[in-house]
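K.L.:
Quick one: structure below, then a few questions.
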Amino acid sequence: VDVSQSDLLTLYRFMLTARCVEEMLGKLPGFHPAVGEEAVPIGSFFGLKEGDYIAPHYRGAITAAYMRGADLRTLFAGVLGKATSHNLGRFRGDICMPIAYRVIGMYSGVLGSTISLATGAALSARVLRSDNVAVVSFGEGCSNLGAFHENINLAATLDLPVVYICQNNQFAMSTRATQSMRCSSVADRAIGYGIPGIRVDGNDVLAVHSAVQKAVSRARSHGGPTLIEALTYRVSGHYGSEQPTYQNADERESWKKRDPLARFQNHLESLALLDPATASQLADATRAMLSAAMNLARADPEPGHAELGEHQLFATPQAAAF
Ligand SMILES: Cc1ncc(C[n+]2csc(CCOP(=O)(O)OP(=O)(O)O)c2C)c(N)n1
């Protein structure tokens, strides 16, 4: 697909924001960082229509919600479990964005639930005769779940307008993908459902964007679902404080050399759309903007009785009667 010069620069800003968000939040012990995997969420969720639903993988979800217009301070308050977050601090580490943004969150810790919800959103688009599509991303570990197989099969048989994106970072916690599946590629699983399965370089934001946009057009014009596997690598631990001792250090270093942000920056420099000095100024401004939002979120109140009290847990008598 053709990407205009202004869209290339917007994509770069989102890639940079994602990197700075992931580096900042990745220092929190329980956060699941997406450093080095940013090209998948940014390439996937850029260029969608306002009515489309997205259901981002938890690794990279914050910037995905930001791309849809959610406020960073409120998102950070969610990560910190503050009363000012979207769910009023009821879930520390919250990455559930209000549905008004058409972002489907991980409303429970059960992986695969977002695959079902996105398939349901696609079914609703069909029933309501809208031309909206749903785009959902998940890890390769999630592609071993029943929810993955059942939903893709349903979407395939009903030609639902949904795009399934596997953010294959090659590890599910400490399990290497090659230990948990015998097929050589997640994209090959599409053959079993009779839908297209495409593997792209997940460290190339334009390759991801192009593949997803083609699949979105296909879905929008009643062509049915597509499974896209974006191959990348988790260059960090599973969560902020985990050391990936089960990874091979040489392998990790070789993937760091394919860094998606540096690659995209080089590409834009080769097109004379960006220069190193401007990139570094942009990075400084982005980090300053993020730490200002984070400082506000840190100063926000912890949830108290008003947010967590019994009236939040139990229905009012009127609602119960209804
Ligand atoms: C149904 C279910 N099974 C297991 C878990 C525990 N769990 C949390 S994260 C994770 C790894 C998921 O790996 P993957 O889908 O590859 O995503 P990644 O973390 O690599 O981005 C597991 C097994 C869970 N939350 N839900």
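The values are calculated or read from the model by the stated rules, or taken from the named source; none is laboratory data. A quick note: this is a predicted structure, and the numbers were derived from the prediction, not measured. Heads up, the Cβs are rebuilt from the backbone with ideal geometry, glycines too, and the neighbour counts pull from every protein chain shown.
K.L.:
Exactly one condition in (1) within 16 Å of the ligand (Cβ to nearest atom); (2) free of Cβ contacts under 8 Å to residues at least 40 places away in the same chain; (3) over 17 Å from I42 (Cα atoms) is not met by I95; state its number.
P.N.:
So I95 meets the others, but not (3).
K.L.:
Another question, then. For a quick check of your reading: which helices (runs of 4 or more DSSP H) sit entirely within the range 226-322 and have at least 3 residues that are under 29 Å from G30 (Cβ atoms) and in contact with a strand residue (DSSP E or B) (Cβ under 9 Å, 6 or more places away or on another chain)?
P.N.:
Qualifying helices (runs of 4 or more DSSP H): none found.
K.L.:
Please list, ordered by first then second residue, the pairs with beta carbon atoms under 6 Å, 6 or more apart or interchain, first in the range 123-140 and over 28 Å from G109 (Cβ atoms) and touching a residue at least 24 places away in the same chain (Cβ under 8 Å), second charged (D, E, K, R) and more than 16 Å from the ligand (Cβ to nearest atom).
P.N.:
D131/R220
K.L.:
Show the residue pairs meeting these rules: Cβ distance below 8 Å; 6+ apart or different chains; first residue within the range 178-193 and under 20 Å from V208 (Cα atoms); second residue of a type outside the set (S, T, N, Q) and exposed (fewer than 14 other Cβ atoms within 10 Å of the Cβ).
P.N.:
R189/C183
K.L.:
Another question, if that's okay. Identify all residues within the range 102-119 that are within 11 Å of the ligand (Cβ to nearest atom), assigned to a loop (DSSP other than H, G, I, E, B) and either in contact (Cβ under 8 Å) with a residue 24 or more places away in the chain or of a type in the set (A, V, I, L, M, F, W, C) (or both); write none if there are none.
P.N.:
M106, V110, L111, G112
K.L.:
Could you tell me which of the residues E50, E38 is farther than 20 Å from D94 by Cβ and surrounded by 24 or more Cβ atoms within 10 Å (Cβ to Cβ)?
P.N.:
Residue meeting the stated conditions: E38.
K.L.:
Still on this structure, please answer the following. If you check R176, R199, which single one turns out to be more than 15 Å from the ligand (Cβ to nearest atom) and either polar (S, T, N, Q) or at pLDDT 95 or above (or both)?
P.N.:
It is R199.
K.L.:
Which members of the range 1-28 meet the condition of being surrounded by fewer than 18 Cβ atoms within 10 Å (Cβ to Cβ) and basic (K, R)?
P.N.:
Passing the criteria: R13, K27.
K.L.:
Being within 13 Å of the ligand (Cβ to nearest atom), crowded, with 18+ Cβ neighbours inside 10 Å and over 15 Å from I228 (Cα atoms) is the filter here, so list the residues in the range 146-169 that pass it.
P.N.:
The answer is A147, and nothing else.
K.L.:
Within the range 195-202, can one find any residue that is crowded, with 18+ Cβ neighbours inside 10 Å, in contact with a Phe, Trp or Tyr (Cβ under 7 Å, 6 or more places away or on another chain) and closer than 29 Å to V135 by Cα?
P.N.:
No: zero hits.
K.L.:
Taking helices (runs of 4 or more DSSP H) that fall entirely within the range 1-89, which contain at least 3 residues that are within 17 Å of the chain's Cα centre (by Cα) and of a type in the set (S, T, Y)?
P.N.:
none
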